[in-house]
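S.K.: Following this message is one structure expressed as structure tokens.
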Amino acid sequence: MSESDRGRVALASLMDAREYFRNPVNVALLVTIPYLFVYFYGAIVEHVVQNLPEEYAEFISVPEAYAMGAFFGAAVLTGLVGFYMVTGARAADRRLVVAGYRPLQVVAGRILTILVVALALNGITMLILSFFEQPRFPLAVLAATLVGSTIYGFIGVVVGSFMEEFEGSITLFWIITLDVGISFQLGETGSAAGNLFPGYHPNQVMVKGVTEGTFAAESFLLSLVYALCALAVAVAVFHREAST
Amino acid sequence: MRYGTALRYSLRSYYRSPFLLALLLFLPIAFVALSFAVTPSGLMTLDIGETVVTADVKDIDGLLVAPFTATFLAGVIGLFLMLASVEADRRLVLSGFRPGEVVLARLSTLAIASAYVSLVSTGAVLLHYPVGQPLLYGVSLLLRAYMFGCIGMLIGTYFGKTGGTYLVFLAITIDITALDPRITLGEVPDWATYLPGYHPNQVLLDAALTGLPDTLTHLVLSLDYAAIVTLGVMLVFRRRILP
């Protein structure tokens, strides 16, 4: 990539990020939504576990519940960022291409923005999580939520390119909620069906990091493969949107 | 007559999209089924209003997922109703419609959509749990969904799509979390009693789990709350569509 290419990608990304972060509501919600989700999952399980026989606690521990809330909150927000980026940027991207940008430069700028938002969001989420519960291996949890929410950022792009905003926002929420629920239920069954769910492998990394204090390298690798596949589809979709 | 025309056109955007209708049907069914399937069993004692009940956590989860789904859908419907229709409604007013007719048509659309998602959610719950008073349970869902639909419309007035969707999501999460009987354990914080979902939630819990000791009071207060948010939407929407 030439210096001119890099400059254009950086400029496109900077403009995207500015559009997102200059809205104080977006910034405020980047903090409050993860906070509520971490609290929502953790507090329910904490209260339930206190009031139930011990075997219930074996199904889900309190630290796992807090981490699951962090994952869910980060996934929803990053997914929506990817989704609204593609629905809101079509016209602007096409103008950039008409003005001389190559479609790939525009696409790279958008992808970079999703990664920056995901990184910022996960940093905030981990900070919030640490107020409630200290995972035994925080880096594993960060890696899991980061790669998981990035996958959802790319899924948001794909959903946004095929659906109207109304249907798409509902669909995205539906995909994430079902995935988090099913991925967690599949647990460590090693079921082949797990490979179909975007959240399954990140969930494995997260659970191991929270409960055993270890890093599930194989699951992380599979999460990265999933993320790369999702990235490839997102790039193709963005490229088509910017070119047509 | 003109109200009927406005309502018909407003509803057309829903029924001409079979995918959307399927989504609004499938989502509550899937969420409720998943909740009953995933949540492990375990008996828990809950203090609900004046009654102490022992119930399975799995059932409580399923009973509470239905309002979450219905309110989320209604909230997003309200949000997009406001975001997508203001320009068209302004043109309708310019062409001779009275603002009141247009506002009423939009609110009726929201009420019908809320009734649809509430009906589906109630049906989905009944497939898994024998709710003692299904009609009351459905009414409580409808009231909560409609109120959050109105709140979605108010949010849509002042915020864009991204911030608006986040805010709807945030408002519903606060409402559901703060009133979850597994968290409050019978001691709902004072501030949470002012939330839109408080009274419908009491009706819902009574209809599903207790012997309806104080349902009428909460039902009337829910209706009052719904009337207040409706008035708020009417005022804001009317001002937005006036030329």
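The values are calculated or read from the model by the stated rules, or taken from the named source; none is laboratory data. Predicted model only: the values in this text are computed from it and were never measured. For neighbour counting, all protein chains shown are included, and Cβ atoms are generated from backbone atoms with ideal geometry for every residue, glycine included. Accessible surface is based on the protein model in full, side chains and every heavy atom, while ligands, DNA and RNA are left aside. Shrake-Rupley method; radii C 1.70, N 1.55, O 1.52, S 1.80 Å.
S.K.: Can A:Val117 be described as over 18 Å from A:Thr171 (Cα atoms), away from chain B (no Cβ under 14 Å) and buried (at least 24 other Cβ atoms within 10 Å of the Cβ)?
M.R.: Judged against the criteria, A:Val117 is not a match.
S.K.: Now for a different question. Residues to consider are B:Leu223, B:Leu179; find the one that is aliphatic (A, V, I, L, M) and open to solvent by 40 Å² or more (accessible area, probe 1.4 Å).
M.R.: Every option except B:Leu223 fails the conditions.
S.K.: Working carefully through the options B:Gly138, B:Gly132, find the one that is away from chain A (no Cβ under 12 Å) and modelled with pLDDT under 90.
M.R.: B:Gly132
S.K.: Can you pull out every residue in region B:42-92 that is in a helix (DSSP H, G or I), under 23 Å from B:Val125 (Cβ atoms) and of a type in the set (Gly, Ala, Ser)?
M.R.: Result: B:Gly62, B:Ala66, B:Ala70, B:Ala74, B:Gly75, B:Gly78.
S.K.: Part of a helix (DSSP H, G or I), open to solvent by 70 Å² or more (accessible area, probe 1.4 Å), farther than 17 Å from A:Ile114 by Cβ and modelled with pLDDT under 80, is that true of A:Arg8?
M.R.: yes
S.K.: Further question: Let me confirm something: among B:Ala115, B:Ala145, which residue is surrounded by fewer than 20 Cβ atoms within 10 Å (Cβ to Cβ) and either small (Gly, Ala, Ser) or more than 30 Å from B:Ala84 (Cα to Cα) (or both)?
M.R.: B:Ala115 is the lone residue from the list that is surrounded by fewer than 20 Cβ atoms within 10 Å (Cβ to Cβ) and either small (Gly, Ala, Ser) or more than 30 Å from B:Ala84 (Cα to Cα) (or both).
S.K.: Now a separate question. Inspect all residues belonging to region A:140-151 and state whether any of them is open to solvent by 30 Å² or more (accessible area, probe 1.4 Å) and at pLDDT below 85.
M.R.: No, the conditions are met nowhere in region A:140-151.
S.K.: Could you please let me know if B:Val102 is aliphatic (A, V, I, L, M), open to solvent by less than 40 Å² (accessible area, probe 1.4 Å), more than 12 Å from chain A (Cβ to nearest Cβ) and touching a Leu at 6+ places or on another chain (Cβ under 9 Å)?
M.R.: yes
S.K.: Residues B:Val52, B:Val38, B:Val57: which one is open to solvent by 20 Å² or more (accessible area, probe 1.4 Å) and modelled with pLDDT of 80 or more?
M.R.: Selected residue: B:Val52, the only one of B:Val52, B:Val38, B:Val57 that is open to solvent by 20 Å² or more (accessible area, probe 1.4 Å) and modelled with pLDDT of 80 or more.
S.K.: How many residues does region B:153-166 contain that are hydrophobic (A, V, I, L, M, F, W, C), assigned to a helix (DSSP H, G or I) and at the interface with chain A (Cβ under 7 Å from one of its Cβ atoms)?
M.R.: The number of residues fulfilling the criteria is 0.
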